[in-house]
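Asker: Just passing along the structure, written as structure tokens.
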């Protein structure tokens, strides 16, 4: 199945010069969505995954069904102000600004194998920050899976040493 035909290109969003890859058409098509989840789960199948970590918000849309496919838990990686208990936080750079992510400080148990699942690898800042928080809690990042990778932005460079998989590359 050619999943690229379900990705809409939106020029100049969220700001001029950025080409946004919109996954909502893929999410709306049951077969394309199911195939993308299957491919992401296939990557994690032999990694003894205890928990999926998914960055807000599209990481939830792909990470939760992957967790169900793999029979493991899901831990949200949230934007500030969304988690009610004690948190750990990390600030990072986006391809067009800065942001911060947070996780409950007890969401990853020491020694747990964690697969990070997100929709997009651009500069790698969001996932690098998530890796930092997971490792701070004692988790083992056994892989990082993306629906889309924007190769020109070289996000892999920030994630050297980690097993990375991308379903689609642009």
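We did not get these values from a lab; they are worked out from the coordinates using the rules stated. Nothing here was measured: the structure is a model prediction, and the numbers come from that model. Cβ atoms come from the backbone with ideal geometry, glycine included; neighbour counts cover every protein chain shown.
Asker: By DSSP, what percent of the beta bridges with both residues in segment 16-169 are antiparallel, rounded to the nearest 5?
Answerer: Expressed as a percentage, antiparallel bridges in segment 16-169 total about 30.
Asker: Also, I was wondering about something else. For segment 1-71 and segment 84-160, compute the distance between their C-alpha centroids and round to whole Å.
Answerer: 15 Å
Asker: Where q = 0.11 Å⁻¹, what log10 of I(q)/I(0) comes from the Debye formula for the chain, counting one point per Cα?
Answerer: So the normalised log intensities work out to -0.42.
Asker: In addition: Calculate the spin-label point distance for residue 24 paired with residue 89, positioning each point 7 Å from the Cα along the beta-carbon direction, and give it in nanometres.
Answerer: 2.9 nm
Asker: Taking R0 as 35 Å, what FRET efficiency do you get between residue 2 and residue 99 from their Cβ-Cβ distance, rounded to the nearest 0.05?
Answerer: Efficiency at R0 = 35 Å is approximately 0.65.
Asker: Quick check on the chain: helices-only [θ] at 222 nm, where DSSP H runs of length 4 and up contribute -39,500 (n - 2.57) each and the sum goes over total residues. Nearest 500, please. Walk me through the numbers on the way to the answer.
Answerer: Values: 4 runs with 45 residues, N = 170.
Taken over the chain, the calculation gives -8000 deg cm²/dmol.
Asker: Same structure again: Could you check which residue among 32, 152, 130 shows the biggest mean-square fluctuation in a GNM of the chain with a 10 Å Cα cutoff?
Answerer: Residue with maximal mean-square fluctuation among 32, 152, 130: 152.
Asker: Now for a different question. Based on the Kirkwood radius over alpha-carbon pairs, what is the Stokes-Einstein translational diffusion coefficient of segment 24-74 at 4 °C with 1.567 mPa s viscosity, in µm²/s? Present the calculation step by step, with values, prior to reporting the outcome.
Answerer: Details: Rh = 11.0 Å.
Once the numbers are plugged in, D ends up at 118 µm²/s.
Asker: Given a 10 angstrom Cα cut-off, can you work out which residue in 87, 148, 52 is the most mobile in a GNM of the chain?
Answerer: 87
Asker: Where is the GNM fluctuation largest for the chain (alpha-carbon springs, 10 angstrom cutoff): 150, 39, 19?
Answerer: Checking each option, the largest mean-square fluctuation is seen for 19.
Asker: How long are the semi-axes of the equivalent ellipsoid of segment 1-102, taking √(5λ) for every eigenvalue λ of the Cα gyration tensor, in whole Å from largest down?
Answerer: Sorted largest first and rounded, they come to 24, 23, 10 Å.
Asker: Determine, for each peptide in 21-29, 71-79, the mean count of other beta carbons within 10 angstrom over its residues, then list the peptides with the highest first.
Answerer: My ranking of the peptides, most packed first, is 71-79, 21-29.
Asker: Moving on to the next point. Suppose we look only past 17 Å in the calculated P(r) of segment 59-112. What percent of the Cα-Cα pairs does that tail hold?
Answerer: 50 percent
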